[in-house]
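Data block below; observations after.
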Protein chains: 2
Amino acid sequence: MEGSTPRGRTRIQKEKREVILEAALEVFSTNGFRGSTIDQIAEAAGMSKPNLLYYFRRKEDIHETLMHRLLETWLAPLKELDNIGDPMTELRGYIRRKLEMARDFPRESRLFANEILQGAPRIMAMLEGELKTLVDEKVDVIKGWMRSGKVVQADPWHLIFAIWATTQHYADFDVQVRAVLGPDRGGEGRFEDAARFLEQLFIEGLRPKS
Amino acid sequence: MEGSTPRGRTRIQKEKREVILEAALEVFSTNGFRGSTIDQIAEAAGMSKPNLLYYFRRKEDIHETLMHRLLETWLAPLKELDNIGDPMTELRGYIRRKLEMARDFPRESRLFANEILQGAPRIMAMLEGELKTLVDEKVDVIKGWMRSGKVVQADPWHLIFAIWATTQHYADFDVQVRAVLGPDRGGEGRFEDAARFLEQLFIEGLRPKS
DNA sequence: CAATTTTTTGACCGATTGGACAAACGTTAG
DNA sequence: CTAACGTTTGTCCAATCGGTCAAAAAATTG
């Protein structure tokens, strides 16, 4: 039965699909979609090309699965931005979470950046739908903070962009960051230095003048 | 004579090379290096593939020429950062210049981002050499400002990274920015909104507490 | 055990790609 | 005119690509 792509019913299918996705993340994130070949992914996954194509019928299916999974991970930190705690603490927490993601999931960040750079042909609907809705919602939260004087008046959309840009920079432009910092300053400590600087910049830049 | 690639001696050669580079910038910046084909570039340049290969013998030669030219443009704004004027005015000027470049030369920005994302295989030497030297030099300038109390104490390297990240974001992630802002807020005014926000963020974030 | 189903692979195919090449075309100088 | 040189293109090629397929090898089931 089931002549088409197996849908992860058996244990072995789930495992192999996982192995393929892990390998594909590695390959796609460093070469881009068009720059990656099925053979590369198959080799990284330790199987033959036809075997890989037994689990994912097309190259694009792998990419699509990867993107869908990625986007959930990607939106999580922003979803946590809540109206509950102290505004400045919330913002600091969001910056810290995003920077940790850049540090711990750089391949996911680069995969996402690759997609956006090429015009986001495969996830445009998601950007205009789910992402925009979520951002609109959080913008309202931030606007509330600004109205109540807990955060200085500023453009909330561009505040979010600035947080995205500065944190993801350490994943997407990692090579450049390390090259510029040099061997001594470019070690693992760079993320702590970045965290300190970004906290200072955003906290001082957004703290209401007392 | 001159059986090899013409070196732009004649007027027509210089012109055609220019046309090709312009077309290649368009194609490379939207598809990446491996995602672009010589045929695409040739068509965009309005000539046949063999004709294009008469001016640039290999696909990589076009890319290399483009990258070298790009890097000069790219470093220019930072070179202008001088010890002459008022520190805060200098920083504001640098941010403004970088944002203008993101607005006026988005293709160059995306080409550069593409290269860095893939590990900068072709320009690593430049990053560790010319770029690092320039940054080190400007870091010293900024350190001087901080010592004299004109700018608050902070990590100068990560300050530069933050400026790069926030400004280039509007070129590299333009699709996402426009999708999130929506049709009404995503018009041409977005660069002015961004400029206002970034000035506020960096100025307030770096102004010494009086 | 045998029968059946799932998993794996070698061989192959058509399309696309970067690039080579010689012939044709155009232009200019004598 | 002709000779020489610069420019353009049609044709071709080898390599690589995404993907197919039939058949072998494992695994599962009765």
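Each value in this text was obtained by applying a stated rule to the coordinates, not by laboratory testing. It should be emphasised that the depicted structure is a prediction, and the values quoted were computed from it without experimental measurement. Heads up, the Cβs are rebuilt from the backbone with ideal geometry, glycines too, and the neighbour counts pull from every protein chain shown.
Of A:THR133, A:THR167, the sequence from fewest to most neighbouring Cβ atoms within 10 angstrom is A:THR133, A:THR167. Using a ≥ b ≥ c from the Cα gyration tensor of segment A:96-182 (square roots of the eigenvalues), is it rounded, prolate or oblate, where a/c under 1.5 gives rounded and otherwise the larger of a/b and b/c decides, a/b for prolate? Oblate, since a/c reaches 1.5 and b/c is not below a/b. Among A:TYR55, B:TYR54, the order by Cβ neighbours within 10 angstrom, fewest to most, reads B:TYR54, A:TYR55.
Take every residue in peptide A:140-149, count the Cβ atoms of other chains within 10 Å of its Cβ, and give the average of those counts. Don't jump to the answer; show the numbers that get you there.
Working: counts 0, 0, 0, 0, 0, 0, 0, 0, 0, 0.
Per-residue shielding by partner chains comes out at 0.
Report the charge-dipole magnitude of the protein assembly as shown in Debye, nearest 20, computed about the Cα centre from +1 at each Lys and Arg Cβ and -1 at each Asp and Glu Cβ. Display every interim value, and only then the final one.
Working: 64 positive and 66 negative charges, 54 e Å.
My answer is approximately 260 debye.
Looking at this model, which pairs from B:LYS16/B:LYS59; A:LYS14/A:LYS98; B:LYS150/B:LYS209; A:LYS16/A:LYS49 are more than 19 angstrom apart at the alpha-carbon?
Numbers: B:LYS16/B:LYS59 15 Å; A:LYS14/A:LYS98 29 Å; B:LYS150/B:LYS209 10 Å; A:LYS16/A:LYS49 13 Å.
Table pairs above 19 Å Cα-Cα are A:LYS14/A:LYS98.
Residue and distance for the chain B Cβ closest to the axis that moves B onto A, in whole Å, come to B:GLY205, 2. Here is how far apart the A:ARG11 label points are across copies: 7.8 nm, shortest first, using a point 7 Å from Cα toward Cβ. Summary for A:SER210: label point 7 Å along Cα→Cβ; distances to the equivalent points in the other copies, ascending, 1.8 nm.
If you take the Cα centroid of segment B:55-116 and the Cα centroid of segment B:165-188, the two points sit 19 Å apart.
Assign one of three labels to the protein assembly as shown, namely rounded, prolate or oblate, based on the Cα gyration tensor with a ≥ b ≥ c the square roots of its eigenvalues; rounded applies when a/c is under 1.5, prolate when it is not and a/b is larger than b/c, and oblate otherwise. Oblate. Specify which residue in the list A:PRO208, A:PHE191, A:PHE161 is farthest towards the positive end of the charge dipole of segment A:149-210, using unit charges on the beta carbon of Lys, Arg (+1) and Asp, Glu (-1), about the Cα centre. Sorting the options by dipole projection puts first A:PRO208. With a cut-off of 12 Å between beta carbons, the residues surrounding B:ARG190 carry a summed charge of -2, where Lys and Arg count +1 and Asp and Glu -1.
Which value, in debye to the nearest 20, gives the size of the charge dipole of segment A:67-206 about its Cα centre, when Lys and Arg are +1 and Asp and Glu are -1 at the Cβ? All intermediate terms of the calculation are to be shown ahead of the outcome.
On the way: 19 positive and 23 negative charges, 23 e Å.
Charge dipole, segment A:67-206, about its Cα centre: 120 debye, nearest 20.
Cα extents for segment A:11-57 along the principal axes, largest to smallest and rounded to whole angstrom: 30, 17, 17.
So what is the calculated 222 nm ellipticity per residue for the protein assembly as shown, using -39500 (n - 2.57) for each DSSP H run with n of 4 or more, over all residues, to the nearest 500 deg cm²/dmol? All intermediate terms of the calculation are to be shown ahead of the outcome.
Details: 20 runs with 304 residues, N = 420.
It lands at -24000 deg cm²/dmol.
Fewest Cβ neighbours within 10 Å first, please rank A:HIS63, A:HIS169 accordingly.
On the way: A:HIS63 18, A:HIS169 26.
With the sparsest Cβ surroundings first, the list reads A:HIS63, A:HIS169.
Annotation for A:ASP193, label-to-label distances across the other copies: 3.5 nm (shortest first, one decimal, point 7 Å from Cα along Cα→Cβ). Take each residue of peptide A:52-60, count the partner chain Cβ atoms within 10 Å of its Cβ, and average: the result is 0.
Inter-chain neighbour count for B:30-36: the average number of beta-carbon atoms from partner chains within 10 Å of each residue's beta-carbon is 5. Got a sec? Charge dipole of the protein assembly as shown, +1 on Cβ for Lys and Arg, -1 for Asp and Glu; which of B:THR37, B:GLY144, B:ALA102 is way out at the positive end? So the residue furthest toward the plus end is B:THR37.
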